[in-house]
Amino acid sequence: MAEPGPHDDLLVYQNGDFVPWRDATVHVFSPALKYGAAVFEGVRGYWSKDRECMVLFRLQDHMRRMEISQRILRFETVVSAEEMEAAVIELVRRNGFRESVHIRPTAYLGGDGEASVRGPVESVITAIRRGTHKIAETGCRAQISSWERISDRVMPGRAKAVGNYNNSRLAGIQAKVDGYDTALLLNRAGKIAEGPSMCFFMVRDGVPVTSSITSDILESITRDTVITLLRDELGLETEEREIDRSELFMAEEAFFCGTGWEVTPVIDVDGAPIGNGEVGPIVKRLQQAYLDIVTGVREDARGWLTEVEI
């Protein structure tokens, strides 16, 4: 008998049923395993003390993007956003979470087909307990990776496809082996693209700058959130454009953003400090604005939160 795992008390949603963690399985010969024929989303949930419920951040937007990812990967049928939204809510409710969680809905090719098959399409949703990483307070050190961000001519980077993330995985492993916290990838043109699973922003002359959506990045929902908060809460308009590597030496502040990374300061790239090498004032203000929104402290004027009664 295997030793109990950290998530064995949790339920998983799979193909319409809620099953124990260890019973949620996929066959070893499925295209999902053999070829990475799967798409996924990452959604954060936070326990709101003010509202006395769980709040899920931008659930509808994540599920709409998941539909698009399935179409890009040419799945023969699409698991609908509405079906997955309802299942996420019910999974969170059944697990009785009263703490921060990370939710991962996935649509994948099951069965035992070859690489060219387009079905059958199956679905699974996991939700695990996960708080904010300590590194969000201290800031992280990033390495410009020798691995290039995948081009849109090679793989569909706009799709949140499982296979794409080997690119991120290798860059992240290299950075950690070399003594850094994470990586920063350049695209084919030699411009700043993104980190492994997170978008990159810098502040130059007091102006936030981020790579354009045509820089081989994922069209990130958190990136859109940050651009909105910088404008509405901090009064700062973001420049969306190509970023040269050498511009990093001119930045006063920098940060990554993503569902898992939330807003995490970057204080060093390749051993060179960003600004004075400390978490800057704009990033601190943005972090607070972001956390106030996602945890339900602030009024949800934009309709970004989905409340789940436990």
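The values are calculated or read from the model by the stated rules, or taken from the named source; none is laboratory data. Only a predicted model underlies this, so the values are computations on that prediction, with no experimental measurement involved. For neighbour counting, all protein chains shown are included, and Cβ atoms are generated from backbone atoms with ideal geometry for every residue, glycine included.
Quick one: ALA87 ticks every box in (1) closer than 24 Å to CYS257 by Cα; (2) assigned to a helix (DSSP H, G or I); (3) in contact (Cβ under 8 Å) with a residue 24 or more places away in the chain except a single one, so which number is it?
So the condition that ALA87 fails would be (1).
Which of the residues that make up the stretch 156-183 are in contact with a Lys or Arg (Cβ under 9 Å, 6 or more places away or on another chain) and either of a type in the set (A, V, I, L, M) or at positive phi (or both)?
Across the stretch 156-183, the qualifying residues are ALA159, ALA171, ALA175, GLY179, ALA183.
Here's a check for you: in the stretch 234-260, which residue that is part of a loop (DSSP other than H, G, I, E, B) and touching a Phe, Trp or Tyr at 6+ places or on another chain (Cβ under 9 Å) is farthest from SER151 (Cα to Cα)? Step through it out loud before you land on a result.
Quick first cut of the stretch 234-260, residues part of a loop (DSSP other than H, G, I, E, B) only: 234-238, 241-243, 251-252, 259-260.
From the residues that got through so far, the ones that are touching a Phe, Trp or Tyr at 6+ places or on another chain (Cβ under 9 Å) too are 238, 243, 259.
Working: THR238: 24, ILE243: 16, THR259: 22 Å.
Among them, the one singled out is THR238.
Can you spot a residue in the stretch 163-178 that is assigned to a loop (DSSP other than H, G, I, E, B), modelled with pLDDT of 95 or more and not assigned by TED's automatic domain parsing to the domain that holds ILE103?
The answer is yes, given that some residue of the stretch 163-178 is assigned to a loop (DSSP other than H, G, I, E, B), modelled with pLDDT of 95 or more and not assigned by TED's automatic domain parsing to the domain that holds ILE103.
Under 30 Å from GLU52 (Cα atoms) and in contact with a strand residue (DSSP E or B) (Cβ under 7 Å, 6 or more places away or on another chain): which single residue out of THR210, THR238, THR306 fits that description?
Working: THR210 fails: under 30 Å from GLU52 (Cα atoms); THR238 fails: under 30 Å from GLU52 (Cα atoms).
None of the others qualify; the one that does is THR306.
The rows are residues; the columns are (1) of a type outside the set (A, V, I, L, M, F, W, C); (2) over 19 Å from THR106 (Cα atoms); (3) in contact with a Cys (Cβ under 6 Å, 6 or more places away or on another chain).
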| site | (1), (2), (3) |
| --- | --- |
| ASP152 | yes, yes, no |
| ARG158 | yes, no, no |
| GLY172 | yes, yes, no |
| LYS176 | yes, yes, no |
| ARG188 | yes, yes, no |
| SER197 | yes, no, no |
| PHE201 | no, yes, no |
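How about the stretch 270-307: which of its residues are of a type outside the set (D, E, K, R), under 21 Å from the mean Cα position of the chain (by Cα) and outside any helix (DSSP H, G or I)? Explain how you work it out, then say what you get.
As a first pass, look at the stretch 270-307 and keep what is of a type outside the set (D, E, K, R): 271-277, 279-283, 286-291, 293-297, 301, 303-306.
Restricting the remaining residues to those that are under 21 Å from the mean Cα position of the chain (by Cα) gives 283, 286-291, 293-296, 303-306.
Those that are of a type outside the set (D, E, K, R), under 21 Å from the mean Cα position of the chain (by Cα) and outside any helix (DSSP H, G or I): THR295, GLY296, GLY303, TRP304, LEU305, THR306.
Run down GLU99, GLU122, GLU194, GLU148 and say which single residue is under 20 Å from the mean Cα position of the chain (by Cα), modelled with pLDDT of 95 or more and either among the aromatic types (Phe, Trp, Tyr) or in the same structural domain as VAL79 (by TED's automatic domain parsing) (or both).
Working: GLU122 fails: under 20 Å from the mean Cα position of the chain (by Cα); GLU194 fails: either among the aromatic types (Phe, Trp, Tyr) or in the same structural domain as VAL79 (by TED's automatic domain parsing) (or both); GLU148 fails: either among the aromatic types (Phe, Trp, Tyr) or in the same structural domain as VAL79 (by TED's automatic domain parsing) (or both).
From the options GLU99, GLU122, GLU194, GLU148, the qualifying one is GLU99.
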